[in-house]
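Q: Before we start, here is the structure in question, set down as C-alpha cells.
The numbers here are math on the coordinates, done by the rules we state, and not lab data. Keep in mind that what you see is a predicted model, and the values were worked out from it rather than measured. Here the Cβ positions follow ideal geometry from the backbone for every residue, glycine too, while neighbour counts run over all protein chains shown.
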Amino acid sequence: MTRTPFDPARIEAIAFDLLTALIDSWSLWIAVAGAPALGRAWRMASLRRVTGAGTYRPYEDILREATAEVGLPPARAEALLDSWGELQPWPEAPGVLRALAGRRLAVVTNCSQRLAERAAAVTGGDFEVVMSAGARRGLQDRSARLPVRADRTAPGPGASAVRGRLGP
C-alpha cells in the first residue's frame, strides 16, 4: 500500500475543541473557585462528568453537579456561568486562527449553544460552524462518532448565524 504524503493544501476544514484547545477554561474555574487547587479539582470534576455522561445531559446541570462534588456552594456554579464571557483564549490561539484565515474552521464543544457562542467569540476566530452538544444532543456520547457536515448560511452582514449538523 502506498502512503500519500501529507499535503496541507488538501485539508478542507479544521475543527477545534473549544474549551480545551482554544480557550483557557482552567483560569476561569480557578478564579471563580477562589483557590488554584479547588478550581483545578472543579474543572476536572466537570470534565469527568461531561465525558462520562453517556447520553446527552445539559452542561449547566453537569456543572452544578461538579460544583457540589468538590464542596463549593451552588452560587459558585451560577457565578461561573455568569462569568462565561470572561473566558480567554490560550495566548497562541488568536495567532493560529489568524494564520488559518480563509480556511473552513469549526469548533465543537460539550457545553450549550449559548455558552459555546460566547466562548467562540473571545477567540477572534471566524468559525463556519460552532457545534455544541446542546444544539446537537449526543456529542457527549463517545459512541456517536459521526462526521460533521457544515452548511454555511447567508445570514447577512455582521451576523454570525451558522448551522452545522452531524451526518453523511
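Q: Put one equal scatterer on each alpha carbon of region 24-85, apply the Debye formula with no solvent term, and list log10 I(q)/I(0) at q = 0.12, 0.27, 0.28 1/Å to two decimals.
A: Debye output, listed in q order: -0.24, -1.20, -1.27.
Q: Can you tell me which of 127-133, 84-90 comes out highest on packing, and rank the rest after it, using the mean Cβ neighbours within 10 Å?
A: Descending mean neighbour count gives 127-133, 84-90.
Q: Same structure, new question: If you stretched the chain out fully between Arg118 and Thr2, how much longer would it get, using 0.36 nm times the residue separation minus the C-alpha to C-alpha distance?
A: 37.3 nm
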